[in-house]
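First, the structure itself, so that you have it in front of you.
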Amino acid sequence: MFRNFKVANFLARKLVARSSWGLNFMAIFMIVIVYVNMNFTSSLLSGFISTVNSKLISTQTGNFIVLPKNSEYIEGSEVLIDDIRNINGVIGVTESKTIPAELSRGQEKSLAEISAINPNTYGDVFSTPKNMIEGSFLDSDDKDMIVLGAQIAGADISRLELYSDSLKNVHVGDKITVDYPSGIKKEYTVKGIFLNEFFESDLKSFITKDEYKNVFADSKTESINVKLDKDVSESYAIDEIKKLGNDLQFRTWQERAGFVRGFTDTLKVVNRILGFAAILVAAVTIFIVTYVDLINKKRQIGIERAIGISSLAIILSYGLRALFYTFIGTAIGSAVFMFIVVPIERAYPFKIPYGKVYLQTNFRNMLIYAGILTLSAIISALIPSWRTIKISIIDAIWGN
Amino acid sequence: MLKIKNASKIYKLGDVEVPALNNVSLFIEEGEMLCIMGRSGSGKSTLLRILGLIDSPTKGKVYLSGKDVGRLKEKQRSKIRLETMGYVFQEYALLSELTALENVYLPAKMLSRWPGEYRDRAVTLLDAVGLLNRMKHLPRQLSGGQQQRVAIARAMVNKPQIIFADEPTANLDSKAGKNVMETLYWLNKNYKTTIVFVSHDEADKKYASRVIRLLDGRIIKRKTA
């Protein structure tokens, strides 16, 4: 076996070094293209998923939501919030209560959820206060004030996905009427309009929890949103909260992903299909390169066999050549991707309705792709060489 | 040392059967230089390929040192070719990506463990065939005669018991052909290597210790020099 490998290695080196440079270039170039394409598609989809997920976390859910288990409200929420805040790795905690309502201004009406929030802590968990396009976010002492999502206010931004269902031209300082399901009707002044570029959260409206208390004489907390430090896992923080002993249940951001999860799952499937197609292209390319080369070398292989070179050594030599092509191809492909494609994309990121998408490189994936590509290239080289070896020596040397 | 007994070879061209060799028996002695002569299509190359274990007879047996080797699997035949036989083809048959030196030591690389061992032997053989100054040249940089001498050196590199040469001078001019035949003759005399060669050139008879003639796949004449 060692001698077979030694001879195969020798033949492979000579095959590469002394055969047509055009052939070598074409094979390596195809590997580079396929490898860059595989990484680009995968990183783009990962970046897209990451953008959507981070929007979801930063504007909708936080890392997880604490909910009451057997009642409508969380009992002793103020103490619980303080306790959660003291858990290692927790960087933000805020409470809220949401009620559906009908918002109207003149003839325009829009259904929306109004969240009663604590303006002092809301920004610790969510980025919404930083995404104001008009006016400012709520302060804890605001009375009769409301902050609207752009998809509700409309704000004369006709490009919004749900503009036709919005109040269309509401701006800061305008007065809107809110009809609560209990029959209470109240007029609010619009303090600010935000645009998170995530339409689920841009459908929200906010009032302060004191405002809610004034209207409904109720200050109970319905849910608590928690934000964690980057390297802290949700399961760890949830276990810590469970130790506090309250009757609670938890929903992580993944569980609340809803349509986003379906969307990202679809993208992952698309990613796998595109990856498979790319590998197929590379495998077929190597197959063709080897096959065409072998057609021209059929006689030469016959001679090698006639002088006693083992079939295994000959087949291995083509496998090793494919290994060389993929090694060089993936090395160049990695350099092109990391030092050219990624920096260019970072400078000019793709823009989607959820914000900017940056390529998300994953070295583990890059290695896996290189491995899969190498394996498929080697198999693609071995198949035609194995078939050529099956031809009799007589036919190989003296046949047509 | 090498014997074929009642060997026949029939090639199939579609539905048509073409007999190439018809009930041939032949014994090759160690150290002899046997010339197989005959017209084109007489079966001489087929006989050489069967003797050289490149082809199998349709009927009959092939013995090497008393062992039946005619029906061995390709892997075992390849091993025998590598260890005990050398082959010189009519059309030079060097590997185009290898230099003269690499072409010579390639079969030895399959057998030897240490690079120095086969490299030195290849250099010695190239020197012996007068091509020491051409050892780093690729086949396309060598003349036909030079390529054939490289092929002879390659055939010798594993110190084979027997060398088969299939019309080694057919594609060469008379001077280069003479040079090649003298090289084979010199190997036979100095290394006692058994040599079986096919030729249609009557002038080559003088190098042989024995001549056989084939016609329509049968041996029609045996003559010892």
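The values are calculated or read from the model by the stated rules, or taken from the named source; none is laboratory data. All of these numbers come straight from a predicted model, not from anything done at the bench. Virtual Cβ from ideal backbone geometry, glycine too; neighbours counted across all protein chains shown. Ligands, DNA and RNA are stripped out before the accessible areas are found, and what is left, the full protein with its side chains, is counted by its heavy atoms. Shrake-Rupley method; radii C 1.70, N 1.55, O 1.52, S 1.80 Å.
Apply the Karplus curve 6.51 cos²θ - 1.76 cosθ + 1.60, θ = phi - 60°, to the phi angles in the range A:266-275 and return the couplings in whole Hz, x for Gly and Pro.
Per-residue couplings from phi come out as 4, 4, 5, 5, 4, 4, 5, 5, 5, x Hz.
What shape does the range A:42-122 have by the C-alpha gyration tensor, where a ≥ b ≥ c are the square roots of the eigenvalues, rounded means a/c under 1.5, and otherwise prolate means a/b greater than b/c and oblate the rest?
Because a/c hits 1.5 or more and a/b fails to exceed b/c, the range A:42-122 counts as oblate.
Starting from the residue with the highest accessible area, list A:Arg105, A:Arg256, A:Arg364 in decreasing order, probe 1.4 Å.
A:Arg364, A:Arg256, A:Arg105
Taking beta carbons within 10 Å but only from partner chains, what does the mean come to for residues B:39-52?
Partner Cβ neighbours, averaged per residue: 1.
What average count of beta carbons from other chains do you get within 10 Å of the Cβ of residues in A:388-394?
3
Applying a 10 Å radius around every beta-carbon, put A:310-319, A:109-118, A:131-140, B:68-77 in order of their mean neighbour count, most first.
By packing density, highest mean first, the sequence is A:310-319, A:109-118, A:131-140, B:68-77.
Per residue and in Å³, how big is the convex hull formed by the alpha-carbon atoms of the protein assembly as shown?
Taking the convex hull of the Cα positions in the protein assembly as shown, it is 230 Å³ per residue.
Here's a follow-up. Average partner chain C-beta neighbours within 10 Å, per residue of A:7-20?
3
Provide B:Met156, A:Met30 ordered by accessible surface of protein heavy atoms (probe 1.4 Å), highest first.
So, going from the largest accessible area down, we get A:Met30, B:Met156.
Moving on to the next point. Roughly how much of B:Phe27 is accessible, in Å² to the nearest 10, using a 1.4 Å probe?
100
When you count, for each residue, the other Cβ atoms within 10 Å and take the mean per peptide, how do A:158-170, A:227-239 rank with the highest first?
Result, highest mean Cβ count within 10 Å first: A:158-170, A:227-239.
Can you run phi through the Karplus equation (6.51, -1.76, 1.60; θ = phi - 60°) for the range A:157-170 and list ³J(HN,Hα) in whole Hz, with x for Gly and Pro?
In residue order, the calculated couplings are 9, 6, 6, 4, 4, 10, 4, 5, 9, 8, 7, 6, 10, 7 Hz.
Counting only C-alpha contacts under 8 Å and six or more residues apart, can you give the relative contact order of the range A:128-176 as a whole percent?
This gives 28 percent for the range A:128-176.
Compare each residue of the range B:67-84 in its chain alone against the assembly with all protein chains, and report those whose accessible area goes down by 20 Å² or more; 1.4 Å probe, heavy atoms.
B:Glu74, B:Ser78, B:Arg81, B:Leu82
Also, quick follow-up: Using a Cα-Cα cut-off of under 20 Å, which aspartates and glutamates could be cross-linked to A:Lys351, ignoring same-chain neighbours fewer than 8 residues away?
A:Glu161, A:Glu197, A:Glu200, A:Asp202
Once ligands and nucleic acids are excluded and a 1.4 Å probe is used, how much of B:Asp216 is accessible, expressed in Å² to the nearest 10?
Per-residue accessible area (B:Asp216): approximately 120 Å².
Straight-line reach only, C-alpha to C-alpha below 19 angstrom: list the aspartates and glutamates that A:Lys298 could link to, leaving out same-chain residues fewer than 8 apart.
List returned: A:Asp395, B:Asp55, B:Glu74, B:Glu91, B:Glu97.
Give the value in nm², to one decimal: projected area of the alpha carbon convex hull of the range B:1-145, averaged over all directions.
Answer in nm², one decimal: 10.9.
May I pose another question? In whole Hz, with x marking every Gly and Pro, tabulate ³J(HN,Hα) for the range B:190-201 from phi via Karplus 6.51 cos²θ - 1.76 cosθ + 1.60, θ = phi - 60°.
8, 9, 6, 6, 5, 10, 10, 10, 9, 8, 10, 9
Please give the per residue accessible area of the range A:97-228, computed with a probe of 1.4 Å over protein heavy atoms only, in Å².
Normalised by residue count, the accessible surface of the range A:97-228 is 43 Å².
Keeping all protein chains in position, work out how much accessible area A:Leu15 exposes to a 1.4 Å probe, and write it in Å² to the nearest 10.
Accessible surface of A:Leu15 is approximately 10 Å².
Tell me what the protein assembly as shown gives for mean residue ellipticity at 222 nm when only DSSP H runs of n ≥ 4 count, each as -39,500 (n - 2.57), the sum divided by the residue total, rounded to 500 deg cm²/dmol.
Rounded to the nearest 500, it is -14500 deg cm²/dmol.
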